[in-house]
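The block underneath contains the structure these notes are about, expressed in structure tokens.
No value in this document is a laboratory result; all are computed from the given coordinates. All values derive from a computational prediction rather than experimental measurement. All Cβ positions, glycine included, derive from the backbone under ideal geometry; neighbour counts span all protein chains shown.
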Amino acid sequence: MSDARTTYQNLYDRELGDLALAKIIVVTSGKGGVGKTTSSAALGTGIALRGHKTVIIDFDVGLRNLDLIMGCERRVVYDFVNVINKEATLNQALIKDKRTDGLYILPASQTRDKDALSLEGVDAVLQELAQDFDYIICDSPAGIERGAQMALYFADVAVVVTNPEVSSVRDSDRILGILQSKSRRAERGEAPIEEHLLITRYHPERVSAGEMLSVEDVEEILAIPLLGVIPESESVLKASNQGTPVILEAESEAGLAYSDAVDRLMGEERPMRFLDVQKKGFFKRLLGG
């Protein structure tokens, strides 16, 4: 991305045109394994459920997990890199979600190198998607490698996913620095990327025991608006194994927490839930539950 500024200027001497019609949201993290792809799937599904035509793009070239979380791995024929290389059209590569109207997935390639993503190629795909979609969700790889920088570069909104652990929060702080300095908006001197904090795998009992950072600790370190807190829940793993976005598990705490986060992302006010240690009822105490 060292030549990003020069390439960017060549690409954007013209007006942004159709790209400005769609909102591009990057879901990112400094560290792997924090639930980023799970969050991309949940947020994208939640936005589509609210009537907005939405596409989720997997930027993790070489690994490709989004299609597994969304339960469409057997339907992948063409991928993001095929479209960039003009080996397939967007219409051929996009996978329509069977459960949620207006939701589509653009999978990553498992067989290509991360350098297969070019600034010009990603830009062209986003321009075409923006003509038909309201929201474009970019599921970024963790860290600062090429795929991550590509996803971050074009973002209007960033959802920074972190666990309430020191190493995860520290790495997220590094991502915030990149968002503020290496994005398209930063290069053009436009309004900064809208940043949101999403804390996942939160366990109130462990916080009370001093084994995890509290929500307040994380907010103080990262100093960006809190979008949501997703509690540690077996329903997340269960949903992932079933290829179902956990937000569709409407009775689970994690599903409800993601639904609240989508409402906040859409500008609605929702109180934070599942932050306190749950008191056990009489029968649970009696039975040791």
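Annotations
- Among residues other than PRO225 with Cβ under 11 Å from its Cβ, the summed charge is -2 (Lys and Arg +1, Asp and Glu -1).
- Hull volume in cubic angstrom per residue (convex hull over the Cα atoms of the stretch 131-289): 153 Å³
- Here the chain is assigned +1 on the Cβ of each Lys and Arg and -1 on the Cβ of each Asp and Glu. Its dipole about the Cα centre then comes out at about 640 debye.
- A Gaussian network model of the chain, with springs between Cα atoms under 10 Å, assigns the largest mean-square fluctuation among LYS96, LYS23, LYS86 to LYS86.
- Based on Cα contacts under 8 Å between residues 6+ apart, the stretch 169-262 shows a relative contact order of 23 percent.
- Options VAL218, LEU117, THR244, ranked by Cα towards positive dipole end of the chain, top entry (Cβ charges): THR244
- Cα-based Rg / Dmax (Å) for the chain: 19.0, 70
- Rg and Dmax [Cα atoms of the stretch 46-115; Å; Rg one decimal, Dmax integer]: 11.9, 36
- Mean-position separation - Cα centroids, the stretch 148-184 and the stretch 80-94, in angstrom: 27 Å
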